[in-house]
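Asks: I have a structure I would like to understand better, so I am pasting it below and will then ask my questions one at a time.
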Amino acid sequence: MPDTPRAYRAVCFDLDGTLLPMDIDEFMNAYFSSLARFVASRGLDAASFTEGLRAGTRAMAVHEDGATNAQAFWDEFFRHVDRDATDWDALLSEFYEGEFGRIGEGFQGDPAVPRILAALREKGYPLVLTTMPMFPLRAVEWRLAWAGADPASFERITHYENSTAVKPRPGYYAENLAALGCAGADVLMVGNNTVEDLAFCDLGADAFLVTDWLLDPVGYDLSTVRHGRMADLERFVEALPPCADPAGPAERGVVARAAAERALADNAVPGLDEDLAAARARAAADDAASHGDAPRGEGR
């Protein structure tokens, strides 16, 4: 794959396994287990909570009604959990402000990450964090902090309250193109997952695949995509020209459905298989929901 630097109008970054060099399975196990213990410590039924958490996670991947992922999550969550058992918003806000942050205690990020982000910003590139939007914003901010990245570096951060689809569904990436007001060909996507992150290429985006924590469930031919370790990405960024025509300003909130649909229609490559993307989104959600177990003998 030729690696001649060219100008883009925006650069999008994945978080887990890309900016954040953390084993995703270890993180998800710690997250689900910590959350279940927290709920149980408040005298609530951790088993039904975990069932609702898993069901809500799957719901975010499969809904196609234009609702936010947060709405899809809570609608399904309350099919399994007593809505009146507690003030769930307050309880989970407490968890994400405290216990969630302790998952990353002692973690050391890659020192190249803040240098890469700073170099791109100095060259005028708008940055978007296109992380899997299944978490509230506060959880994303914590993970950025573990990575040594300032949330303020990003024009837009995807999370479950401002997104209506998940990776690798093309609608997710179309939302972000609409938020930026640019074409897929104007964007560089930096990620580590050959399915979830390279799906942006189906809307015309260019890509750099970071291989330090490579996830390749499909045996992707890496020779067809620019790739390398974080140090290689840093060299690539240093060689990029200044951004002469930055996209944006980016929409930080929910993108209008009509705008996302136009972005998808305008940018989808011929032969885009949306059914396959939907199946892969379901598989990703099932994998996420398989982590962690409710503490036994705790709660009601």
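Asks: Failed condition for Leu117, given (1) open to solvent by less than 20 Å² (accessible area, probe 1.4 Å); (2) over 18 Å from Ala61 (Cβ atoms); (3) touching a Cys at 6+ places or on another chain (Cβ under 6 Å), with all others met?
Replies: (3)
Asks: If you don't mind, there's one more thing I want to ask. Can you report the number of residues in region 33-91 which are within 29 Å of Ala278 (Cβ to Cβ) and aliphatic (A, V, I, L, M)?
Replies: Here the count works out to 12.
Asks: Could you go through region 111-131 and let me know if any residue there is within 21 Å of Ile24 (Cα to Cα), touching a helix residue (DSSP H, G or I) at 6+ places or on another chain (Cβ under 6 Å) and assigned to a helix (DSSP H, G or I).
Replies: Yes, region 111-131 contains at least one residue that is within 21 Å of Ile24 (Cα to Cα), touching a helix residue (DSSP H, G or I) at 6+ places or on another chain (Cβ under 6 Å) and assigned to a helix (DSSP H, G or I).
Asks: For region 134-154, how many residues meet the condition of being touching a residue at least 40 places away in the same chain (Cβ under 8 Å), surrounded by fewer than 21 Cβ atoms within 10 Å (Cβ to Cβ) and either out of contact with any Phe, Trp or Tyr (no Cβ under 8 Å at 6 or more places or on another chain) or within 17 Å of Leu180 (Cα to Cα) (or both)?
Replies: Within region 134-154, residues that are touching a residue at least 40 places away in the same chain (Cβ under 8 Å), surrounded by fewer than 21 Cβ atoms within 10 Å (Cβ to Cβ) and either out of contact with any Phe, Trp or Tyr (no Cβ under 8 Å at 6 or more places or on another chain) or within 17 Å of Leu180 (Cα to Cα) (or both) number 1.
Asks: Identify, from the list Ala239, Ala256, Ala265, the residue that is at pLDDT 95 or above, touching a helix residue (DSSP H, G or I) at 6+ places or on another chain (Cβ under 8 Å) and of a type in the set (A, V, I, L, M, F, W, C).
Replies: Testing whether each residue is at pLDDT 95 or above, touching a helix residue (DSSP H, G or I) at 6+ places or on another chain (Cβ under 8 Å) and of a type in the set (A, V, I, L, M, F, W, C) leaves just Ala256.
Asks: Here is a further query. Quick check, is Thr131 in contact with an Asp or Glu (Cβ under 7 Å, 6 or more places away or on another chain) and open to solvent by 10 Å² or more (accessible area, probe 1.4 Å)?
Replies: no
Asks: Further question on the same structure: Across region 105-114, what is the total count of residues that are within 30 Å of Arg54 (Cα to Cα) and either crowded, with 22+ Cβ neighbours inside 10 Å or without any contact (Cβ under 8 Å) to a residue 60 or more places away in the chain (or both)?
Replies: So the answer is 3.
Asks: Okay, next question. Name every residue in region 158-179 that is more than 20 Å from Leu276 (Cα to Cα) and either open to solvent by 10 Å² or more (accessible area, probe 1.4 Å) or part of a strand (DSSP E or B) (or both), in order of residue number.
Replies: Scanning region 158-179 gives His159, Tyr160, Glu161, Ala178.
Asks: Identify all residues within region 1-38 that are of a type in the set (Val, Ile, Thr), modelled with pLDDT under 95 and open to solvent by less than 20 Å² (accessible area, probe 1.4 Å); write none if there are none.
Replies: The answer is none; no residue qualifies.
Asks: Identify all residues within region 57-102 that are among the β-branched types (Val, Ile, Thr), in contact (Cβ under 8 Å) with a residue 60 or more places away in the chain and open to solvent by less than 40 Å² (accessible area, probe 1.4 Å); write none if there are none.
Replies: Across region 57-102, the qualifying residues are Thr57, Thr68.
The values are calculated or read from the model by the stated rules, or taken from the named source; none is laboratory data. Predicted, not measured: the structure shown is a model, and the values here were computed from it. Here Cβ is always computed from backbone atoms with ideal geometry, including for glycine, and neighbour counts include all displayed protein chains. We work out accessible area using only protein heavy atoms, side chains counted, and drop any ligands, DNA or RNA first. Shrake-Rupley method; radii C 1.70, N 1.55, O 1.52, S 1.80 Å.
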